[in-house]
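Step one of this worksheet: look at the structure below.
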C-alpha cells in the first residue's frame, strides 16, 4: 500500500461488486465516496436491487457482464450463492488475471469456490453487519478490518486487500492480518455460540421458565429479551468489566454467582459447535439445506411466529412504538 495514496492499488483497476444488499451497497458507496470511480454493480436478471443501485448512480449489469469487464470482482452476495455465481457467471467470462475479493472466509475455506490458478484470492472483511459498514463510515469512523491472501498470483494481492479495506473505512480504526480459516471459523462460531444461536436460546429458555413459574409473558419478555439491547450497548461501549461497573450491585452479584456454572454447562456444547465448524460438517449441512430449498429453515421460521415469546414481544413493541399508555385501575 502506498504511503502517499492508500488506495493506489485500486485507482487504475476496474472493480465489479456482485450484490447490492447490505454489504454490497455499503462497500460500493464507501469506495466511491473514498474516491474510486470505476465501479460497476453485478446483479442477477430481474434483481429488485437494480433500480436502487441505478438511482444511487451506479452502472449495473448482469454478473456475467461485469465479470467480463472487471479487473477485480468483489463477491458480496450471500455465501450460499457463491458456488453458482462462480460456476455460471464469473468463471466462464472472467479475463485472465482477474482478482477475487471475499468479505468472509466461508466460500474458500469450505470449497464452494475454487478459483483459477491465475486469480488473486483475497479476504477483505469489515467485522460487523453490512449496514454498519456504511453507517460508521458516514459517521466518520469505520469497522475493524481483517485481510488475508489465499493466493497471490499477481504479487499485488496484499496491496489490493489493504486498499480495499482503506476504501470502505477500516483504515480509520484498524486493519489486521488473518487467514481465511481463522475468519471463517471465528465468524461462524461467534454467530452460533453467542450472537445469534446462544443469545436466542438463552432468551427463549429463560422466558419459558419464568412464564411456567407464573410470571406474566409481558414481564418475562421485558426482563429476559427486551433489556438485552441495553446490556449489549453497555458492553459495546465499555467492555464486560465496564458493563458490570454500570449496573446495580444486586445484578452484578447475582450474575457472578451463576456465570461460572452457566459457562461450565455450555462448555461441551461449544466444543461440539467448534468441531462441526472446523471439520466442515456445518458447511456441508448448510450447503445441502440450501440446495434442497431450505425446508427446515422454512419450518423454523413459521414456528417462530407462533411462539408465546413472539406474541409477548409484538405486544410490547407496539406499545413502545405507539406510545400507548394504560391507566392503572
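Check 141, 105, 131 and return the single one that is surrounded by 19 or more Cβ atoms within 10 Å (Cβ to Cβ) and under 19 Å from the mean Cα position of the chain (by Cα).
Checking each option against the conditions leaves just 105.
Checking the condition assigned by TED's automatic domain parsing to the domain that holds residue 284 and assigned to a loop (DSSP other than H, G, I, E, B), which residue from 155, 214 passes?
Every option except 214 fails the conditions.
Restrict the check to segment 183-190 and report whether at least one residue is closer than 18 Å to residue 72 by Cβ, crowded, with 17+ Cβ neighbours inside 10 Å and under 23 Å from the mean Cα position of the chain (by Cα).
No, segment 183-190 contains no residue that is closer than 18 Å to residue 72 by Cβ, crowded, with 17+ Cβ neighbours inside 10 Å and under 23 Å from the mean Cα position of the chain (by Cα).
Using the structure shown, decide if residue 199 is surrounded by 15 or more Cβ atoms within 10 Å (Cβ to Cβ) and part of a helix (DSSP H, G or I).
yes
Residue by residue, here is whether (1) over 19 Å from residue 155 (Cβ atoms); (2) assigned to a loop (DSSP other than H, G, I, E, B); (3) modelled with pLDDT of 95 or more holds:
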| site | (1), (2), (3) |
| --- | --- |
| 1 | no, yes, no |
| 9 | no, no, yes |
| 13 | no, yes, yes |
| 16 | yes, no, yes |
| 26 | yes, no, yes |
| 29 | yes, no, yes |
| 42 | yes, no, yes |
| 47 | yes, yes, no |
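Filtering segment 49-70 down to residues that are in a loop (DSSP other than H, G, I, E, B) and surrounded by fewer than 18 Cβ atoms within 10 Å (Cβ to Cβ), which residue is modelled with the lowest pLDDT?
Per the criteria, the residue is 49.
What single numbered condition from (1) over 18 Å from residue 205 (Cα atoms); (2) surrounded by 12 or more Cβ atoms within 10 Å (Cβ to Cβ) fails to hold for residue 240?
(2)
Any residue in segment 204-225 that is within 30 Å of residue 104 (Cα to Cα) and surrounded by 15 or more Cβ atoms within 10 Å (Cβ to Cβ)?
There is at least one residue in segment 204-225 that is within 30 Å of residue 104 (Cα to Cα) and surrounded by 15 or more Cβ atoms within 10 Å (Cβ to Cβ).
Please verify whether residue 248 is at pLDDT 95 or above, exposed (fewer than 10 other Cβ atoms within 10 Å of the Cβ) and more than 30 Å from residue 127 (Cα to Cα), treating the condition exactly as stated.
For residue 248, the condition - at pLDDT 95 or above, exposed (fewer than 10 other Cβ atoms within 10 Å of the Cβ) and more than 30 Å from residue 127 (Cα to Cα) - is met.
The values are calculated or read from the model by the stated rules, or taken from the named source; none is laboratory data. None of these values were measured; they are calculated from a predicted model. Every residue, glycine among them, receives a Cβ derived from its backbone with ideal geometry; neighbour counts consider all protein chains shown.
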